1. For residue 37 and residue 120, compute 0.36 nm times the residue count separating them, minus their Cα-Cα distance, and round to one decimal in nm.
2. Go ahead and run the numbers for FRET between residue 51 and residue 77, Cβ-Cβ distance against an R0 of 22 Å, rounding to 0.05.
3. Could you list 50, 106 in order of exposure, starting from the residue whose Cβ has the fewest other Cβ atoms within 10 Å?
4. Straight-line reach from residue 224: which lysines have Cα under 21 Å away, leaving out those fewer than 8 places along the same chain?
5. Over the chain, what is the relative contact order in whole percent, taking alpha-carbon pairs under 8 Å and six or more residues apart?
6. Indicate the gyration tensor shape class of segment 57-125 (rounded, prolate or oblate), computed on the Cα atoms with a ≥ b ≥ c the square roots of the eigenvalues: a/c under 1.5 is rounded; otherwise a/b larger than b/c is prolate and the rest oblate.
7. Report, by chain and number, residues whose modeled amide H sits under 5 Å from the one on residue 35, excluding near sequence neighbours (fewer than 5 apart, same chain).
8. For an R0 of 22 angstrom, estimate the FRET efficiency from the Cβ-Cβ distance between residue 181 and residue 217 and round to the nearest 0.05.
Amino acid sequence: MRIDVLTIFPEFFEPTLGISLLGKAQNNGVLEFVIHDLRDWTSDPHRTVDDEPYGGGPGMVMKVEPLSEAIEAIIALDPRKPEVIFLAPIGIPFKQPIAHELAHLDRLLLVCGRYEGFDERAFTYADRIISIGDYVLNGGEVAALVVIEATARLIEGVLGHGQSALEESFSDGLLEYPHYTRPSSFRGEDVPGILLSGNHKEIDRWRLEQSRARTARLRPDLLKGENR
Ligand code: 6GU
């Protein structure tokens with residue numbers, strides 16, 4: 001998968017995308033990241049990407065011309081047509097099923113906003129608008145990293161050996177069961193005996209029961225299917 005990112009803070013992405021599983025996936029050729037500085041598509045000496053809102057009010061608005069120039073130029077860099085995704089608080093909430101949808105695509109273009117938001121006319125280019133939750137960030141950069149990490153780890157060959165994206169929280173609508181590793185006793189807290197029993201049928205049953213109980217206690221909204 002090729003992932004293009006359009007941002008006014010390219011420095012934000014370079015250190016993070018090179019490390020851990022995402023870095024490895026890049027070296028293996030499974031993933032390719034191309035980060036673009038929006039200011040490269042401005043034509044004034046100050047490289048202006050924002051301006052005051054028509055109608056007045058606080059903050060600045062991202063200008064439509066650099067965005068449109070940039071998006072058209074970036075799309076043309078590769079024969080694959082990207083899914084163009086704007087990161088903005090007005091978007092639909094990002095959830096695991098969306099990550100699965102995106103993981104099937106061969107090219108994404110993530111467009112990060114700053115300031116108060118985008119000039120409304122820039123959304124013409126958006127195949128979808130994504131928000132990562134009901135809180136306000138200074139810009140879409142952190143949100144883009146969230147979308148990248150959640151999506152990339154679902155692509156074949158990105159997760160490390162023996163790891164599975166299938167059995168974890170949210171993929172079946174439940175939170176994960178409790179995990180333990182050595183020591184079997186720590187400051188008076190013992191690992192549940194069932195996990196030491198070697199009875200895998202009983203262990204599976206116990207884990208499912210724990211997942212359900214934990215989800216009911218901590219995230220009852222998930223059980224009602226409110227998040228799908
Ligand atoms: Cl995608 N952008 C900003 N600025 N704030 C957010 C967000 C995105 N998602 C949640 N809050």
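What follows is calculated from the coordinates using simple rules that are stated; it is not laboratory data. Here the structure is a predicted model, which is why all the values come from computation and not from measurement. Every residue, glycine as well, gets a Cβ built from its backbone with ideal geometry; the counts of neighbours run over all protein chains shown.
1. Additional length available on full extension: 27.8 nm.
2. 0.25
3. Ascending Cβ contact count within 10 Å gives the list 106, 50.
4. The qualifying lysines are 95.
5. Reported as a whole number, the value is 19 percent.
6. oblate
7. 5
8. That gives a FRET efficiency of 0.40.
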